[in-house]
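Take a look at the structure below.
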Amino acid sequence: MQPFDLHTGAFICLDRANIDTDAIMPARFLKRIERVGYGELLFMDLRQKDGRPDSDFPLNRPEARGATVLVARQNFGCGSSREHAVWAIAQAGFRAVIAPRVGSAPAFADIFRNNCYKNGLLPVEVHEAFINRLFRAGTGRVTIDLGEKWITAFLPEEEVTESFHVPEGARAMLLDGLDEIALTLQQEGAIAAYEARRPDLTPLAS
């Protein structure tokens, strides 16, 4: 997993709330057994109209090329728990998704957020006023400093900075580029020592 510390990149805005995981990664593609090749399938049903690419969809526009930060509305990633949604976003070249909490609606669905942490994609929750400035600008770049937990947007007419929160355990994993398996393997010596002194289990009598 690629470590995430300081990232600067162009953002693309997807002005929709409650985008569910079926919109991110349609269910018909879940029959694949590989963990790669999902980037080209991202938002497939939204990107097409009558079987052809929809030029009005934000990710099909020329300014989306090379964007590494996705900006969306609240409750992003709701719906099913499919991890494929996160794989698709990351494999399409995005390092982070930014969304706002609005009232009782979270920025991200809980399972989606946790899947992000486990796959090196950073979900950044900001205030609605911050996200509205990005949508009004429509284009620009952001710098995300995970170490200091700050995000700065460089917009055509202004520069906006805001802090954000990431649970410390998830932050440490992202900074070091470790998933839960790699994190566990850091204790491989202690695990081996425990297994070496652990008595054999007595088989149950038949």
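The values are calculated or read from the model by the stated rules, or taken from the named source; none is laboratory data. Since the structure is predicted, the reported quantities are computational estimates derived from the model, not experimental observations. Using ideal geometry, Cβ is built from the backbone for each residue, glycine included, and neighbour counts are taken over all protein chains shown.
Considering (1) touching an Asp or Glu at 6+ places or on another chain (Cβ under 7 Å); (2) in a strand (DSSP E or B), say which one GLU162 fails and leave the rest.
Looking at each condition in turn, GLU162 falls short on (1).
Restricting segment 38-53 to residues that are at pLDDT 95 or above and part of a loop (DSSP other than H, G, I, E, B), which is farthest from CYS13 (Cα to Cα)?
TYR38
Listed here are the residues, each with its yes/no results for (1) β-branched (Val, Ile, Thr); (2) over 24 Å from LEU30 (Cα atoms); (3) in contact with a Lys or Arg (Cβ under 7 Å, 6 or more places away or on another chain).
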{"site": "TRP87", "(1), (2), (3)": "no, no, yes"}
{"site": "ALA92", "(1), (2), (3)": "no, no, no"}
{"site": "ARG95", "(1), (2), (3)": "no, no, no"}
{"site": "ALA107", "(1), (2), (3)": "no, yes, yes"}
{"site": "ILE111", "(1), (2), (3)": "yes, no, no"}
{"site": "LEU122", "(1), (2), (3)": "no, no, yes"}
{"site": "ALA129", "(1), (2), (3)": "no, yes, no"}
{"site": "THR143", "(1), (2), (3)": "yes, yes, no"}
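Got a sec? Which of VAL71, VAL86 is buried (at least 21 other Cβ atoms within 10 Å of the Cβ), in contact (Cβ under 8 Å) with a residue 60 or more places away in the chain and in contact with a Cys (Cβ under 6 Å, 6 or more places away or on another chain)? Explain how you work it out, then say what you get.
Values: VAL86 fails: in contact (Cβ under 8 Å) with a residue 60 or more places away in the chain.
Just a single option satisfies the conditions, and that option is VAL71.
Restricting to segment 133-161, and then to whatever is under 14 Å from CYS13 (Cβ atoms) and loosely packed, with under 13 Cβ neighbours inside 10 Å, can you tell me which residue is farthest from the chain's Cα centre (by Cα)?
This residue is PRO156.
Hey, could you check segment 129-149 for residues that are touching a residue at least 60 places away in the same chain (Cβ under 8 Å) and either part of a helix (DSSP H, G or I) or basic (Lys, Arg) (or both) and say which is farthest from SER163 (Cα to Cα)?
Checked segment 129-149; the qualifying residue farthest from SER163 (Cα to Cα) is PHE135.
Inspect segment 114-122 for any residue being at pLDDT 95 or above, assigned to a helix (DSSP H, G or I) and either charged (D, E, K, R) or more than 8 Å from the chain's Cα centre (by Cα) (or both) and give the result as yes or no.
The answer is yes; a qualifying residue exists.
Look through LEU59, LEU42 and report the one residue that is surrounded by 14 or more Cβ atoms within 10 Å (Cβ to Cβ) and within 15 Å of the chain's Cα centre (by Cα).
Result of the check over LEU59, LEU42: LEU42.
Let me spell it out: the conditions are (1) more than 24 Å from LEU174 (Cβ to Cβ); (2) part of a loop (DSSP other than H, G, I, E, B); (3) among the charged types (D, E, K, R), and ARG73 meets all of them except one. Which number is the exception?
Looking at each condition in turn, ARG73 falls short on (1).
Would you call ALA88 of a type in the set (Gly, Ala, Ser), at pLDDT 95 or above and closer than 18 Å to VAL126 by Cα? Don't jump to the end; show me each part of the working.
Numbers: of a type in the set (Gly, Ala, Ser): yes; at pLDDT 95 or above: yes; closer than 18 Å to VAL126 by Cα: no.
Against the criterion (of a type in the set (Gly, Ala, Ser), at pLDDT 95 or above and closer than 18 Å to VAL126 by Cα), ALA88 does not qualify.
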